[in-house]
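Here is the structure we will look at, set down as structure tokens.
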């Protein structure tokens, strides 16, 4: 699959972490070419640019849900901003908050579709990603949160889903 017009320069550090945790992708002529891989747990901390932005951590938590084992996320800019984890838990994710550290016990993406609520833009995106790998239907309440920040989010997901892996 290829993600066209991929913003490499804005996401260099998260891409390093994803590659280190087993994701396989390559820079193509028109975008990022994803070739699968194995999700291994990751350890990240947020920080100022060019580090991992706080807004990316819920999306990386969705990735961690697909790993097998414990991932650790600490948000240094907005400590304790992990409300989305309770929504992911409704899908079967096991997590623990230890001070400012979010520990996610990934179960290989063995999640169940259910009704969840988008608490904000990035939390909604993380729920949508987990919904794609979940068994059964996932309904995201307050999904307007996702649409307000991602142009044509649903169309882009459908386009990605129609591409061969």
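The values are calculated or read from the model by the stated rules, or taken from the named source; none is laboratory data. Worth saying up front: this structure is predicted, and the values here are computed from it rather than measured. Every residue, glycine among them, receives a Cβ derived from its backbone with ideal geometry; neighbour counts consider all protein chains shown.
Miscellaneous remarks
- Checked against the criterion of being touching a strand residue (DSSP E or B) at 6+ places or on another chain (Cβ under 6 Å) and in a helix (DSSP H, G or I), the stretch 17-27 has at least one qualifying residue.
- Residues located in the stretch 135-165, provided they are at pLDDT below 90, in contact with a strand residue (DSSP E or B) (Cβ under 8 Å, 6 or more places away or on another chain) and not in a helix (DSSP H, G or I): 163, 165
- Test: residue in the stretch 103-118 that is within 20 Å of residue 15 (Cα to Cα), assigned to a helix (DSSP H, G or I), touching a residue at least 40 places away in the same chain (Cβ under 8 Å) and touching a helix residue (DSSP H, G or I) at 6+ places or on another chain (Cβ under 9 Å): no
- Within the stretch 1-16, the set of residues being part of a loop (DSSP other than H, G, I, E, B) and either at pLDDT 90 or above or surrounded by 11 or more Cβ atoms within 10 Å (Cβ to Cβ) (or both) comprises 1, 6, 11.
Matching residues to (1) more than 12 Å from residue 58 (Cα to Cα); (2) within 14 Å of the chain's Cα centre (by Cα); (3) touching a residue at least 24 places away in the same chain (Cβ under 8 Å); (4) crowded, with 16+ Cβ neighbours inside 10 Å:
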{"residue": "94", "(1), (2), (3), (4)": "yes, no, no, no"}
{"residue": "121", "(1), (2), (3), (4)": "no, yes, yes, yes"}
{"residue": "135", "(1), (2), (3), (4)": "yes, no, yes, no"}
{"residue": "141", "(1), (2), (3), (4)": "yes, no, yes, no"}
{"residue": "152", "(1), (2), (3), (4)": "yes, no, no, no"}
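- Hits in the stretch 35-67 (condition: buried (at least 16 other Cβ atoms within 10 Å of the Cβ), out of contact with any helix residue (DSSP H, G or I) (no Cβ under 9 Å at 6 or more places or on another chain) and either in a helix (DSSP H, G or I) or touching a residue at least 60 places away in the same chain (Cβ under 8 Å) (or both)): 64
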